[in-house]
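Trainee: Got a structure for you, written out below as structure tokens; questions coming shortly.
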Amino acid sequence: MSTDKQRFAETMAMPPSTEQPNIYPLSWEANTRKMEEVWAAAQRDYWDPAKLPWDTFDPDSYSWEEREAIAYWWTLLSVFDASAPPVFAAAMIKTYEAHEEAPVRNCFFSVTRDEHNHETMCGMAITRLLDHPDPLGYTPKSDLGRRLQKNAAWLYFNGGRYWEGYKKAVPRYSLAVLFSSFLMGEIAAATIFKQMYENCREAVFREGFRNIGRDEGRHMAICMALMQRDYPRLGEDDKRTVTRQIRAGYLFLSAVLFEPPMDFWDLPADFIANQREGEEVCRQAGFGVPGYEMKLQNWKKAMLNLKGVLDQYAIEFPAIPEVGITGREISDVEMDDIIPVF
């Protein structure tokens, strides 16, 4: 008889232990005060994208080229933010299976909920700009829109490949390894959303960016608290994995926070030129996408901030030559078994 059908209650006073990993048995330990504070802040700061001032937004005040360029930026963001709810939901499940303390489980739930808001924000912006809910199914009205739609299709193709890898990676790596890339993304994202808030003229977008930036700052605090708790005990093998994971995370997240490295992403030769043209149209229309130099400085600052954190735990930092940071060179062979975290 299989163990799931076998009857135990008639032969023993207490049940046998549950095979792990499993979400049961559950406990509500709370040992990390910082995580409790972050969870309380998440409850206070929760916001609803539908309650933003959408009534002040008139898509018809923009040309179709402008609408398609701005919608492309939201589509680019959605490649990452639309994947984030299932990415963090998988990580949240892992916190239950690993029997993490309750505040940690709560915080990962809050990140999943926040990222769902960010995904919803992308969808609401795209739908209003294009008067269509699907940026790939939409029929572009300008030449630039057609070229940017091709860009979007290639981004989604690449994202789909990495999602398959992520699903396999979650059981393989500890939370300590996984959230090293989470932290890198949050550091850079908090900066870019602050800049978008400062440089956008539309009230609804400004308010959305303000809320998203606040969320990202809170997610960064979660990662920092977990690092402070777990990294002093991190083994040498895990430290080496974190080094490789940071390099992989840089390459993956550059597609939204900088520009996609063409030897890592499978993209057509005109991808970056099309994207730069679209971003310039956005800026001219009052939608404050950072330019190349500002993106470069954002990423460099984020990498140096992360390096400062990892140095405290004697974790080697990888070379990031794209932004002028030296460190351990990571070969393609070493990257083969690493899955970038969304």
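Trainee: Once you list every other residue whose beta carbon is under 13 Å from the beta carbon of Leu183, what net charge do they have if Lys and Arg are +1 and Asp and Glu are -1?
Mentor: It works out to a net charge of -1.
Trainee: Tell me, in nm to one decimal, what length is gained between Ile272 and Asn305 on full extension, where the rule is 0.36 nm per residue of separation less the Cα-Cα distance? Present the calculation step by step, with values, prior to reporting the outcome.
Mentor: Details: separation 33, 0.36 × 33 = 11.88 nm, distance 2.70 nm.
Result for the pair: 9.2 nm of gain on full extension.
Trainee: Need the full-extension length gain, Met262 to Ser17, defined as separation in residues times 0.36 nm minus the C-alpha distance. One decimal, nm. Numbers along the way, then the final one.
Mentor: Numbers: separation 245, 0.36 × 245 = 88.20 nm, distance 5.02 nm.
Full extension of this stretch gives 83.2 nm more.
Trainee: What number comes out for accessible area per residue over the chain if the probe is 1.4 Å? Units Å², please.
Mentor: For the chain, the per-residue accessible area is 46 Å².
Trainee: Here is a further query. How big is the Kirkwood radius of the stretch 122-168, worked out from every pair of different alpha carbons and given in Å to one decimal?
Mentor: 11.8
Trainee: Restricting to DSSP loop positions (anything but H, G, I, E, B) with no more than 10 other Cβ atoms inside 10 Å of their own Cβ, which trypsin sites (Lys or Arg not before Pro) remain in the stretch 1-40?
Mentor: Here the trypsin sites (Lys or Arg not before Pro) that fit, given the DSSP loop and packing criteria, are Lys5, Arg7.
Trainee: What is the diffusion coefficient of the stretch 133-201 in µm²/s, taking the Kirkwood radius over Cα pairs and the Stokes-Einstein relation at 37 °C with a viscosity of 0.692 mPa s? Numbers along the way, then the final one.
Mentor: On the way: Rh = 15.3 Å.
Answer from the Stokes-Einstein relation: 215 µm²/s.
Trainee: Under 19 Å from a label point 7 Å along Cα→Cβ of Ser61: give me every residue in the stretch 209-253 with its amide N that close.
Mentor: From the stretch 209-253, the list is 209-210.
Trainee: Between Arg201 and Arg240, with labels modelled 7 Å along Cα→Cβ, what's the label distance in nm to one decimal, could you check?
Mentor: 5.5
Trainee: To two decimal places, what compactness ratio does the chain give when its Cα radius of gyration is scaled by 2.2 N^0.38 Å?
Mentor: Against the compact-globule rule of thumb, the ratio is 1.07.
Trainee: Moving on to the next point. Relative contact order for the chain: what is it in percent, counting Cα pairs under 8 Å that are at least 6 residues apart?
Mentor: That works out to 21 percent.
Trainee: Another question, then. Multiply the residue separation of Met294 and Leu26 by 0.36 nm, subtract the distance between their alpha-carbon atoms, and state the gained length in nm to one decimal.
Mentor: 91.8 nm
Trainee: Carbon and sulfur together cover what percent of the accessible area of the chain at a 1.4 Å probe radius?
Mentor: 53
Trainee: Counting helices only, and only those DSSP H runs with n ≥ 4, report the 222 nm mean residue ellipticity of the chain as the sum of -39,500 (n - 2.57) divided by its residues, in deg cm²/dmol to the nearest 500.
Mentor: Rounded to the nearest 500, it is -22000 deg cm²/dmol.
The values are calculated or read from the model by the stated rules, or taken from the named source; none is laboratory data. Since the model is a prediction, treat every value here as computed from it, not as a measurement. Counting neighbours? That spans all protein chains shown, and the Cβs are built from the backbone with ideal geometry, glycine included. The area values use the complete protein model at the heavy-atom level, side chains included, leaving out ligands, DNA and RNA. Shrake-Rupley method; radii C 1.70, N 1.55, O 1.52, S 1.80 Å.
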